[in-house]
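J.: Take this structure first; my questions come after.
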C-alpha cells in the first residue's frame, strides 16, 4: 500500500492509508472508490479549464469545489489544496488569480495521474 508518496508543500500527492482511515473502509472498498474518483478528477479539471475559458466564475467555483472534495476523499492532499485555493479565488471573484491557480491544479493532477499510472 502506498503512503505519503511524493510530498509537496501542499501535502502528499497521494496518501491512501490516511484516506482509508478517514473513510473507515478496507483496501477493496477504497480501490473501488479510487478507481471511480480518478476519472471524476480528470473530468472536473477539464471542466475547470472550460469554465475559465468561458469566463464562467460560478462553474469554475463549483467544479473546483467538487475537485477539492473528490481529491480529499482519496487522499490526494496536494491536489485538494490546489483545488481549494482555486475554489476560493473563484468564489471571491479574484480573476487575476484564476490562471495561475488553475495551472497549479493542472500540475497536481498530472502528478497524481503519473503516480497512478506508475502503479
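The values are calculated or read from the model by the stated rules, or taken from the named source; none is laboratory data. Everything numeric in this text was worked out from a predicted model, so none of it was measured. Virtual Cβ from ideal backbone geometry, glycine too; neighbours counted across all protein chains shown.
J.: Please state which of the following conditions residue 77 fails to meet, knowing it meets all the rest: (1) closer than 17 Å to residue 113 by Cβ; (2) free of Cβ contacts under 8 Å to residues at least 60 places away in the same chain.
T.: (2)
J.: Report whether or not residue 62 is at pLDDT 95 or above and either touching a helix residue (DSSP H, G or I) at 6+ places or on another chain (Cβ under 6 Å) or assigned to a loop (DSSP other than H, G, I, E, B) (or both).
T.: Values: at pLDDT 95 or above: yes; either touching a helix residue (DSSP H, G or I) at 6+ places or on another chain (Cβ under 6 Å) or assigned to a loop (DSSP other than H, G, I, E, B) (or both): no.
No.
Each row is one residue, and each column tells you yes or no for (1) out of contact with any strand residue (DSSP E or B) (no Cβ under 6 Å at 6 or more places or on another chain); (2) farther than 29 Å from residue 31 by Cβ; (3) surrounded by 16 or more Cβ atoms within 10 Å (Cβ to Cβ).
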| site | (1), (2), (3) |
| --- | --- |
| 44 | yes, no, yes |
| 53 | yes, yes, no |
| 58 | yes, yes, no |
| 64 | yes, no, yes |
| 68 | yes, no, yes |
| 71 | yes, no, yes |
| 83 | yes, no, yes |
| 103 | yes, yes, no |
| 114 | yes, no, no |
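J.: If you don't mind, there's one more thing I want to ask. Please go through the stretch 30-56 and give me each residue that is in contact with a helix residue (DSSP H, G or I) (Cβ under 8 Å, 6 or more places away or on another chain) and either over 17 Å from residue 101 (Cβ atoms) or in contact (Cβ under 8 Å) with a residue 40 or more places away in the chain (or both), ordered by number.
T.: Listed by number, the residues that qualify are 30, 33, 34, 37, 38, 40, 41, 42, 45, 48, 49, 52.
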